[in-house]
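Working notes, beginning with the structure itself.
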Amino acid sequence: MGKKQNEIMTQGEVINKLSMECALALGELDHLQTIRTYIQMALSIGIDHFRKEMEEIVVVDMYGVECGRYKSTIETSQKLGICRQDITKVLNGRGHTAGGFRFMYSRDYELVPRKQSTSSLPIVPLS
């Protein structure tokens, strides 16, 4: 039997309901588990994680090691000597690397396993 209209749903019930509604709206029932996973991640991380002003740009070398963080594409470009448009292409998924580095927003980088840099050497752009 269904719940009465004024009864409170558990978090699991809300996640299941949202997942099913999203999958039905997209016409992608095959991806129900993926949708459920993303909703669970969003709830566990919290909405503040996705605020625009919190977006740092993370620089990652070809081995997946974090090399630095910057506040904007302009700052990243100036510090590394890499064309800002090329960095933006990587951030938007239209390119893989720029200047030998990968770039991603910190909100995305926080969600993937990574290695921490053990080097204390600064990044020096090649001229």
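Coordinate-derived values only; no laboratory data. Because the structure is a prediction, the values reported are computed rather than measured. Reconstructed Cβ throughout: ideal geometry from the backbone, glycine too, with neighbour counts over all protein chains shown.
Protection proxy ranking, highest mean first, for peptides 32-44, 93-105: 93-105, 32-44, where packing is the per-residue count of other beta-carbon atoms within 10 Å, averaged.
Using R0 = 25 Å, the C-beta based FRET efficiency linking LYS17 and SER106 works out to 0.25. Only Cα pairs under 8 Å and 6+ residues apart enter the sum, and on that basis the relative contact order of region 58-108 stands at 38 percent. Each of GLU66 and LEU29 was given a label point 7 Å from its Cα along the Cα-to-Cβ line. The distance between the two points is 4.2 nm.
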